[in-house]
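Data first, discussion second: the structure below is written as structure tokens.
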Amino acid sequence: MTHPLRPTSVGRFADLATLYAEQIATPEFQATFGDPLALSILEAGDEPDEHDMPDPLAAQADCAGVVACLFDLFADTRLEPLAAEIAWGFVNSFHFVAGKLERREDALAVELGDLARRTDPSEVFARELEEKQLLCQSVAEQRAAIECMRDHAAEMYRAQSGWPWSPTRGTKASSASTASQIAIQDFLRARQLQTRERHCPQGPIVVLSGPARWHDVDLLWSRLDDIRARIPTLTLVTTGQRTGADRVGAAWAAKHGVPLVAFRLFGPAQGKAAFQRNRKMADLKPVEAVLCEGSGVQANLYQTLRQAGVPIHAFRIAEQAPDAHAQLYPTVSAGRPLRRIRGDQ
């Protein structure tokens, strides 16, 4: 079965009416925009007041419409190759603001916790506590709205470009989206501190890794489909490359709403850092791994996971000569996947 990289997309701006008819008033937008707080505070020091939220249908339609309009404007022109870059920046603007709001929400939550631990029966203190709580709730509501719009714009970006949107750094996760991309630092921090569950998916971990040049999309999608059929709550962990096998895995995860954790390197992409990352990936205790033949780092990951007893699905580069990496992947036949290997065999 063929898994196209480019999902069905809007061909022209005029086709958006059909798209909206199919995706109108999704539960995420209704939940985020349709039931706002009775009172909110826009900025610290403001008096609580009634502030309307954008209409759910308008927010959803306009987020998708701007992205579709960019691709439509550049289509069939010499600027067409730039459409994805411009649209990426539009989605990223939502992500940047959402990140600022999240940090502000966390700081307010800390302040609120400090106030709650004080013993002060005065009316002034009670009013301060109520206003701080309302401000924290208001910021949380703003963050959720911006994340909801970001996620919908990101989905339109995926439909138009054929690849999932991902930030250059940090995490894209929200309660309004089933698909997420989580930076490894946020994932490990959430695991350690048991905070922000949306940054710490609880499903079994499946590792996927491969070289920066990998062209057999169907092979990986088929195997990931098989694994998901057995482990529907899986979390996919990749080495975070923006090309090759990792990119194919990210597209698959976005298509199926599977949480994705990007274990990117910080610093040189070669040497000790890459091998240390391999050991840390094994420490995540994955239940299975999908590995594609590549460099010595890939071979080391294969050996590390095998020694840890992780079942491995390994594939070699189809164009490679049959005996090129026979010592690294001894049970591979040219162009065929390895059998499922268990570390104790």
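Of note:
- The combined condition, being closer than 30 Å to Gly249 by Cβ, in the same structural domain as Ala154 (by TED's automatic domain parsing) and either in contact with a helix residue (DSSP H, G or I) (Cβ under 9 Å, 6 or more places away or on another chain) or at pLDDT below 85 (or both), is fulfilled by Gln23.
- Within the range 226-241, being farther than 17 Å from Val297 by Cα and assigned to a loop (DSSP other than H, G, I, E, B) holds for Ile231, Pro232, Thr233, Leu234.
- Of all residues in the range 138-196, those satisfying the criterion of being at pLDDT below 60, out of contact with any Cys (no Cβ under 7 Å at 6 or more places or on another chain) and among the basic types (Lys, Arg) are Arg169, Lys172, Arg189, Arg196.
For (1) on the phi > 0 side of the Ramachandran plot; (2) outside any helix (DSSP H, G or I); (3) buried (at least 20 other Cβ atoms within 10 Å of the Cβ), each residue gets a yes or a no:
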position: Arg118; (1), (2), (3): no, yes, no
position: Pro121; (1), (2), (3): no, yes, no
position: Leu129; (1), (2), (3): no, no, no
position: Leu134; (1), (2), (3): no, no, no
position: Val139; (1), (2), (3): no, no, yes
position: Glu147; (1), (2), (3): no, no, yes
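- Scanning the range 33-78 for residues that are crowded, with 16+ Cβ neighbours inside 10 Å, at pLDDT 85 or above and β-branched (Val, Ile, Thr) yields a total of 1.
The values are calculated or read from the model by the stated rules, or taken from the named source; none is laboratory data. Everything quoted here is computed from the prediction, not taken from an experiment. So basically every Cβ, Gly included, is an ideal-geometry build from the backbone, and we count neighbours across all protein chains shown.
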